[in-house]
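Read through the structure below, which is laid out as structure tokens, and then see the notes.
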Amino acid sequence: MCGITGKIYFDKSRKPDHAELKAMCDVIIHRGPDDEGLFISNNVGLGFRRLSIIDLNTGHQPLHNHDSSVVIVFNGEIYNYQVQRELLEKKGYIFKTATDTEVIVHLYEEYGVNCLQYLRGMFAFAIWDQKKGHLFCARDRFGIKPFYYFKDEQQFVFGSEIKSILKSGNIDTTLSEDALDSYFAFGYITSDLSIYKRIHKLLPGNYLLLTLNENSNLKTEKYWTINFDPDYTRSETYWKEELQACLSETVKLHMLSDVPLGAFLSGGIDSSSVVAMMAKNSTQPIKTFSIGFEDPRYSELKLARELAKKYNCDHYEQIVKPESIGLLPKLVKAYDEPFADSSAIPTYYVSKHAREKVTVALSGDGGDELFAGYSIYSVLHKIKANPLNFAYPLLNKLIWGTLHKIYPVSLKGKGYSYFLSKKQEELGAFIHIWSQDERKRLIQAPTYDNITFSASEQYKVEVLKLCNSDDFTTKLQALDIQTYMVDDILTKVDRVSMLNSLEVRVPILDHVFAELSFRIPPNLKLKGSSHKHILKDSMSEFLPHRILKSPKKGFSIPLDLWFKEDLKEYINDTLFSGSPLISEYLNINYVRKIIQTKNIFHRDFSARIWSLIFFEEWLRDRKT
């Protein structure tokens, strides 16, 4: 795993500054502490930081082809590179290294932009083609690895993280009102937006082509699409056996490493399945790493221990406490923009803990999205079937309580009338921290008036419309894969793991395994009230019964409890003492009202409060 960056001037007589390019690399040294490489030729500059994982001796980048007409900087891992290398060697290509990076270079020489169809892995890369005069950049199918870029009339700048781009000169840092609205709606920034108007994300499954001509044309194209194509002719037993075999195969591929390797183990279905398959494919004990909390309602340590004992893992645990809030300034620097998923705290600690023993860790991320694991899905099914059920207080309480426990954002306080006004097929788009009406009161008028989207929720509505299935569960999966998973879950893990120079691999999001899941009928994923039914069935002989039956917890933290007790003064000191910077963008009187409502009625506004605290800390960091 590595960090990449680069700068291209459109004036071919203008050369990138060596010191500036090095500074763009240095600021992401955490992504690659083992090696550095710079390439400057005329108006093109590429930079690279390396975390050595495969081919420790000859993996230096930027890497060139035989005549130096093609040069690449690459972040990620290609798991089928050995197979592709053999095929390329039969075509006459000669390799100078044993790296997966060189395989990408020769695949590009052979197939051009279609080389992406031959790659199985996680990646973000940039290839400068001197002969064609264009820069070819790509991001993996699910967006496991990040890629940001900036373009104005003079230059194109890119990087694994926004901080690399900001280290370059003459970058417009005007805030994006649309991104701010998205942040307060969901706790993360969707689509191709970043917090800065002129800095964008390359979307998952897309490539970018920058042609250096008179107009310096830039175009982005989708090369892979999520396609749900359920096959109802197969039996449940068939899917169970196929999943089991495919998961074992993809986990084995993801274990390829020249450095120590382990796994995150939350005690849930997904991470436990990955560890079980690792144990199946290894002759050595697997190193596993778990995070827990003092409050047992939020901790799955007992389940993690049970799984670790079953497979004789070399198991390590750590408890996260309220004083972990002191980590916030470091998180702000890691994410570069507002990011309100508080589970970044335990994810940071499990990454830090793992890095003491290993350089690579496998995770179970993606299982909830591919196999309909979120309890919210069955809740929304009930709402869709009969919205008037919200008229009954007992069911209302049950649904709001469920939402709070299993989803990172809250619908509490909206009531059934809120949903009656929405199209039932679009319900998944309206799960948020702050509703649109609340954001109108929260965000100051000058800022809110500049929001160009009718609402951030509308982006999610459009994602739902583009899903190729009419099935309600499948639509929810497609929505989460393209929004919550990529912009929250994968972003969260990438930044804090790389902050600790730890590579995290996601075998469940191997596209071959994912495409298998897309062919499984939705009624085998969400079967009645049984979530991940087919995955649990396929793993039943490998996992303890208690893990198969335990409700989902993950790495969510007891924020509400912390805010009520240990961190009550911290909230007041951060948001109300002195002159909080959020008052430039937010209605501070409305913020006070929210806090008072929480204190008087003991309502759980922890997600809202965290979004405010993180934004305040981000503004402070931006000011320094």
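Among all positions in region 213-236, there is at least one residue which is within 21 Å of D152 (Cβ to Cβ), assigned by TED's automatic domain parsing to the domain that holds Y148, out of contact with any strand residue (DSSP E or B) (no Cβ under 6 Å at 6 or more places or on another chain) and surrounded by 12 or more Cβ atoms within 10 Å (Cβ to Cβ). The number of residues in region 460-500 that are acidic (D, E) and assigned to a loop (DSSP other than H, G, I, E, B) comes to 2. Among the residues making up region 250-297, those that are among the charged types (D, E, K, R) and either without any contact (Cβ under 8 Å) to a residue 12 or more places away in the chain or in contact with a strand residue (DSSP E or B) (Cβ under 7 Å, 6 or more places away or on another chain) (or both) are K287, E294.
Against the list (1) touching a Phe, Trp or Tyr at 6+ places or on another chain (Cβ under 9 Å); (2) closer than 26 Å to Y590 by Cα; (3) modelled with pLDDT under 85; (4) buried (at least 19 other Cβ atoms within 10 Å of the Cβ), the condition I406 fails is (2). Can you pull out the residues in region 66-92 that are closer than 18 Å to F125 by Cα, modelled with pLDDT of 95 or more and assigned to a loop (DSSP other than H, G, I, E, B)? Matches in region 66-92: S69, Y79, N80.
With respect to being surrounded by fewer than 21 Cβ atoms within 10 Å (Cβ to Cβ), without any contact (Cβ under 8 Å) to a residue 60 or more places away in the chain and not aromatic (F, W, Y), D192 fits the description.
In region 501-557, the qualifying residues are those that are polar (S, T, N, Q) and assigned to a helix (DSSP H, G or I), and the one that is nearest to R141 (Cα to Cα) is S517.
If the condition is being buried (at least 22 other Cβ atoms within 10 Å of the Cβ), within 27 Å of K131 (Cβ to Cβ) and of a type in the set (A, V, I, L, M, F, W, C), then region 45-82 contributes L46, F48, L63, I72, V73, F74, I78. Each residue in region 28-47 was checked for being outside any helix (DSSP H, G or I) and under 16 Å from N500 (Cβ atoms), and 4 pass. For T288, the conditions (1) in a helix (DSSP H, G or I); (2) surrounded by 17 or more Cβ atoms within 10 Å (Cβ to Cβ) all hold with the exception of (1). The condition (being assigned by TED's automatic domain parsing to the domain that holds S538 and modelled with pLDDT of 95 or more) is satisfied by just one residue among I345, I286: I286.
Selection of region 312-323 for residues being in contact (Cβ under 8 Å) with a residue 40 or more places away in the chain and within 26 Å of D621 (Cβ to Cβ) yields V320, P322, E323.
When region 530-564 is limited to residues that are at pLDDT 95 or above and among the hydroxyl-bearing types (S, T, Y), the one that is nearest to S266 (Cα to Cα) turns out to be S540. So, S469, is that one outside the structural domain of F186 (by TED's automatic domain parsing), surrounded by fewer than 24 Cβ atoms within 10 Å (Cβ to Cβ) and farther than 18 Å from W239 by Cα or not? So S469 passes the test.
Inside region 92-141, residues that are crowded, with 21+ Cβ neighbours inside 10 Å, out of contact with any strand residue (DSSP E or B) (no Cβ under 8 Å at 6 or more places or on another chain) and within 30 Å of Y484 (Cα to Cα) make up a count of 2. Confirm whether L535 is among the hydrophobic types (A, V, I, L, M, F, W, C), buried (at least 22 other Cβ atoms within 10 Å of the Cβ), over 24 Å from K240 (Cα atoms) and more than 14 Å from the chain's Cα centre (by Cα). Answer is no for this residue. Just one of (1) out of contact with any Phe, Trp or Tyr (no Cβ under 8 Å at 6 or more places or on another chain); (2) modelled with pLDDT of 80 or more; (3) outside the structural domain of S529 (by TED's automatic domain parsing); (4) surrounded by fewer than 18 Cβ atoms within 10 Å (Cβ to Cβ) fails for P580. It is (4).
The values are calculated or read from the model by the stated rules, or taken from the named source; none is laboratory data. These numbers come from a predicted model, not from an experiment. FYI the Cβ positions are ideal-geometry reconstructions off the backbone, even for glycines, and counts take in every protein chain you see.
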